[in-house]
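I have placed the structure first, in the form of C-alpha cells, so that the comments after it can refer back to it.
Nothing in this text is a laboratory measurement; each read-out follows from the coordinates by a stated rule. Computed from a predicted model, the values in this text were never measured in an experiment. Please note: Cβ atoms are built from the backbone with ideal geometry, for glycine as well, and neighbour counts cover all protein chains shown.
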Amino acid sequence: MSEITPDLVRHLASLARILVTDQEVEQLAGELGIIVDSVATVTKAVSGDVAATSHPIPMANVYREDVILPSLSQLQALSSAPDSAEGRFKVNAILDED
Amino acid sequence: MAKEQLMSYEDAIERFEVVIGLEVHVELNTVSKMFCGCANNFGSEPNTNVCPTCLGLPGSLPAVNRKAVESSIAIGLALDCQIASNGRFARKNYFYPDLAKNFQTSQFDEPIAFEGEISIELETGEVFMVPIERAHMEEDAGKLTHVGGATGRIQGAEYSLVDYNRAGVPLVEIVTKPIYGALDKAPELAATYVRAIRDIVKSMNVSDAKMERGNVRCDANVSLREKGAEKLGTRTETKNVNSLKSIENTVRYEIQRQAFILAAGGKIIQETRHWHEDRGHTSAGRPKSDADDYRYFPEPDLVPVQPSKEWIEEIRLTLTEKPSIRRKRLQEAWGFADLEFRDVLNSDLLDEIEATVSAGASPQSARKWWTGELARLANLQEVAVQDLPITPEQVASIQKLIDSGDLTDRIARDVVAGVLAGEGEPAEVIESRGLKIVTDEGALIAAIDKALASQPDVMEKIRDGKLQAAGAVIGAVMQEMRGQADAARVRELILERAK
C-alpha cells in the first residue's frame, strides 16, 4: 500500500500553494496512492538491464537556432500573477536560505 | 551573526589535510535563452525577457538552443573532457520561486562532458592538475529581491519580488573531483582555478565572464581530515562566491573554522554556507545532506543530445589557444619581467596590450600606457580601464608620434585626454587643440634668451660646471611654450648657449 497520507497531501499542497479542502485531501490521498502503487508495480516488472525511457519516440538532436523571438510585455507577464509590485512577481517571504 | 571561533591558519594546516571541490557556474553569452527565444540580456527592465516557456506556463514547450550546446561542448573540450555521445536533460524538482516551473531543467546522470583535467599554475610556479568530474548544461534561475526587514536580506523579509529575465539563461556547471594535496595552497589554488576557467570561457568568447555580474560564480566545498586518515571529512559548501578574492578568503576561513571545531572534538555539520565579503566570514545556510531529494527524472519534453563525431571535431577546430599557453607565449615575446607581467594579468589588460602591440607600439610602451596613465584615468572616472573610449589602435598611433619626436610624453597625455573627451581621432585632437611639439628652434632660442635675461646668474653657474642650474631655465621655457617643447632639446640648446 502507498504511504500517501492526508497529512502528506496537505504538506504538498502548501508547498505548491494550492488551497485544498478536507474533502479534496481525502480524495487526493486515495488517488495519488493508486498512482504511486501503480508505478511501484511497473518498477517490479522492469529488471536492471532495461534502459530508462525518457521519450516514447526514438528521436535526438532537436534544436532551435540562437535567435531572439518576441517576448511577452511586462504587463502580459504579470497579468495572471496573484500579486505583483515594481514590475516583478510578488511572492510570500521565503524563510529558507540566508 | 557573531563571528565563529577560528584556529590559526598555520596550526590548521599543520594538523589537518584540506580537501576542496569546486563547482563553477558559467553563464553563456548566447543571444537567446537556453530553451526559448527570449533575449539573454543583462540589465533589461524586469520581466520583459520572459515568455510562456521560461515562466513555466501550462502548455509551453522548451526547445534547446543549438549554440548553447555548441558552447558547452567547446568548454568540455577546452577542459580535456570526453563529450557524451548521448546526453539527456533532467528535471531537478524543488520548491523555490526563483524558477516558476518548480523545477530546473538540468542534466543529471548523463552530462554533456565528463572526465577532464586542467593544469593550474600558482604564483610560485607550482603546477596542480585539477581533475574535472563533469560539465553539464542547465538553466539559470530568476532574481529575487527581498523586501522588508531591517537588512534587506531574506531573514525578516515581508515578501520577495521576482524578476524572471535571468530564468532560462544558459549555464554550464563545471564540477571538479575532490582536490587533494594542495595543503596550505588550497585557498590560492581555488581562486587560481576559477580565474583559469574565467579566462578560458572569456578567450573562447562563450561567456562575457564578468564575475561582478555573476557570469562566473563559484560554490566552494571544503572539508578537513586528520592527517593520514582515509575517510573524507564532512564538507560544507559555500554558495555563489563571485570574486576571486572572496573565493580565496572563503576557503581559508572554512579551513580555520572547521579546524577549530574538529580540534575541540566537535562535528562539522554538512550544510550550505554563505560568504560575506564585507564582514570576512561565512554563515550557515540550510542543512544539506547527500540525501537531498530533488527527484531528478529525465525531462520528457526534450529529446537526447547526441552530438556527432563530425560536429565535435568541427568545434574542436574552433578552439582558441589555451590562455595559460598564450600568456607564456606573450610574456616571452614581449620580454616582460615577472612582476610587470603579473601587473598586466592582474589588471586584465592582456587583450588591450596585445592589440596595441599589433597596431605598432612597442610592448613596453603599450604596457606603460595601459597600466599607467590609462589605468589612472579610468580610476579617476571610476570605470574599468577596458571601458575607456579609446582603442588600442589610437593608443598605438599616439605612441608612434612620441617615438618620431612629434609629441612629448606630456603633450601625448593631452591628446589622450582629448580622445577620451570625444574630440575625435588623435590627429584631430592634435589639430584642434594645437598640440604640436615646437620644433622651430628660433622660437625656442628666443624663449631661452628671454628666460636667461631674467636669471642672469644661470650661465655663470653652468660654466662653473653646475649643469643642474639649467633646470630653472628649462622650466621657464617649457612654461613659455605651454609644455609643447622637447625638454631634452631645450636643455641641449641652453648648454650650447653657455659655451
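So here's what we get for this one:
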item: The stretch B:456-473 - phi-based ³J(HN,Hα) in whole Hz, Karplus 6.51/-1.76/1.60, Gly and Pro as x; result: x, 6, 4, 4, 4, 4, 4, 5, 7, x, 8, 5, 5, 4, 4, x, 4, 5
item: Residues with amide H under 5 Å from that of B:Val303, placed H, sequence gap 5 or more; result: A:Val62
item: Within straight-line cross-link reach of B:Lys466, lysines at Cα separation under 16 Å, skipping those fewer than 8 residues along the same chain; result: B:Lys499
item: The protein assembly as shown - charge dipole about Cα centre, Lys and Arg +1 at Cβ, Asp and Glu -1, debye rounded to 20; result: 620 debye
item: Dipole magnitude of the stretch B:228-345 about its Cα centre (Cβ charges: Lys, Arg +1; Asp, Glu -1), debye to nearest 20; result: 440 debye
item: Proximal aspartates and glutamates relative to B:Lys309, as straight alpha-carbon distance under 18 Å, when same-chain residues fewer than 8 apart are discounted; result: B:Glu70, B:Asp80, B:Glu110, B:Glu115
item: Whole-Hz ³J(HN,Hα) from phi, Karplus 6.51 cos²θ - 1.76 cosθ + 1.60, for the stretch B:39-51, glycine and proline x; result: 5, 8, 9, 7, x, 6, 4, x, 6, 10, 9, 9, 8
item: Antiparallel %, DSSP beta bridges [both residues in the protein assembly as shown], to 5; result: 95 percent
item: Under 16 Å from the Cα of B:Lys177 - lysines, other chains or at least 8 residues apart; result: B:Lys231
item: Pairs of Cα atoms farther than 22 Å apart, the stretch B:254-351, %; result: 69 percent
item: Cα-Cα pairs of the stretch B:403-456 separated by more than 15 Å (percent); result: 56 percent
item: Point-charge dipole on Cβ atoms (K/R +1, D/E -1) for chain B, about Cα centre, debye to 20; result: 680 debye
item: Largest-first principal axis extents, alpha carbons of the stretch A:1-42, Å; result: 31, 18, 12
item: Acute angle (nearest 10 degrees) that the helix B:323-334 long axis makes with the longest principal axis of chain B, alpha-carbon atoms; result: 10 degrees
item: Rounded to whole Hz, the Karplus (6.51, -1.76, 1.60) HN-Hα couplings of the stretch B:337-348, x for glycine and proline; result: 5, 3, 5, 4, 5, 5, 4, 5, 5, 5, 8, 6
item: Bins of 20 Å, starting at 0 and running to the largest distance - Cα pair percent for the protein assembly as shown; result: 16, 40, 28, 13, 3, 1
item: Amide proton proximity set for B:Gly285, modelled H, under 5 Å, gap of 5+; result: B:Thr272, B:Arg273, B:His274
item: Sites A:Thr21 and B:Gln386, calculated FRET efficiency, Cβ-Cβ separation with R0 45 Å, nearest 0.05; result: 0.15
item: Volume per residue that the Cα convex hull of chain B spans, once the total is divided by residue count, Å³; result: 217 Å³
item: Added length on full extension, which subtracts the Cα-Cα distance from 0.36 nm per residue, B:Tyr9 to B:Tyr94; result: 26.9 nm
item: Under 5 Å, built H, 5+ apart or other chain: amide partners of B:Met34; result: B:Val169
item: Within the stretch B:351-378: backbone nitrogen closer than 19 Å to the B:Glu425 label point (7 Å, Cα to C-beta); result: B:356-361
item: For chain A, the fraction of alpha-carbon pairs in successive 10 Å shells from zero, as %; result: 11, 20, 22, 31, 15, 0
item: Over the protein assembly as shown: helical MRE at 222 nm, DSSP H runs n ≥ 4 each giving -39500 (n - 2.57), nearest 500; result: -11500 deg cm²/dmol
item: Per residue convex hull volume, Cα atoms of the stretch B:153-299, in Å³; result: 174 Å³
item: Considering only chain B, percent of DSSP beta bridges that pair antiparallel, nearest 5; result: 95 percent
item: Shape box of the stretch B:1-65 [Cα atoms, principal axes, largest first, Å]; result: 57, 28, 24
